[in-house]
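Structure, as structure tokens:
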Amino acid sequence: MIRKVVLIAEAVMSFAPMVLIWLLGFFMSPVFLFGLLAGVDIELATVLLAITLGGIGLWGVVHLTIKVIQPNYRVITPRVLKRFLACGYLAVFIAIQLFDPELQELAVIFLPPLLVTTHFMYLARGYLWQRVTGAK
């Protein structure tokens, strides 16, 4: 029980800032889309891509966290989960590239979610890299 509480605390503390940043981007995405369609700035396409991939990645992290906390609980397939998590990693790297050069040191806020995701992937390695024997 203590292990589960620690894992939940680890996930919440590391992903809370990312969820807030993602929610801000999500709610601003209509403005970004309008700006992109109006030809204001082509870089807004990259911002929208990071928001979209980030949402997919966060959904993957939710499933990964559930799998780590409740190993017998059914979540999305390992193949889909790995794709979702890859989208999240890609979103983080795109977001880091979007920072101004003077603000690059603020990219350290992305480190805890990357480390926790990698940790949870390690904990769920048996599920993520299981061998499928025979098709049904």
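The values are calculated or read from the model by the stated rules, or taken from the named source; none is laboratory data. Just so it is clear, the structure is predicted and the values come from calculations on it, not from any experiment. Don't worry about glycine lacking a Cβ; one is built from the backbone with ideal geometry, like all the others, and counts go over all protein chains shown. In case anyone asks, the SASA skips ligands and DNA or RNA and just uses the protein heavy atoms, side chains included. Shrake-Rupley method; radii C 1.70, N 1.55, O 1.52, S 1.80 Å.
For the chain, what relative contact order do you get, as a whole percent, if you take Cα pairs closer than 8 Å and at least 6 residues apart?
28
For the modelled label position 7 Å from the Cα of ALA45 along Cα-to-Cβ, which residues of the stretch 90-104 have backbone nitrogen atoms closer than 11 Å?
Counting only backbone N, you get no residues.
Just to confirm, what accessible area per residue do you get for the stretch 1-115 at 1.4 Å probe, in whole Å²?
Dividing the accessible area of the stretch 1-115 by its residue count gives 65 Å².
Along the principal axes of its C-alpha atoms, what lengths does the chain span, in descending order and rounded to whole Å?
Rounded to whole Å, the extents work out to 51, 38, 23 Å.
Quick one: length gained pulling TYR127 to LEU115 fully straight, 0.36 nm per residue minus the C-alpha distance?
Result: 2.4 nm gained on full extension.
Using a Förster distance of 25 Å, how high is the FRET efficiency between VAL5 and LEU33, based on the Cβ-Cβ distance and rounded to 0.05?
Using R0 = 25 Å, I get an efficiency of 0.05.
If Lys and Arg each add +1 and Asp and Glu each add -1, what is the summed charge of the other residues whose beta carbon sits under 13 Å from the beta carbon of ILE69?
With Lys, Arg at +1 and Asp, Glu at -1, the neighbours total +2.
Filter the chain for me: DSSP H helices, axial length by Cα at least 27 angstrom, mean Kyte-Doolittle hydropathy not below 1.0. List them by residue number.
The qualifying helices are 2-37, 44-69, 78-98.
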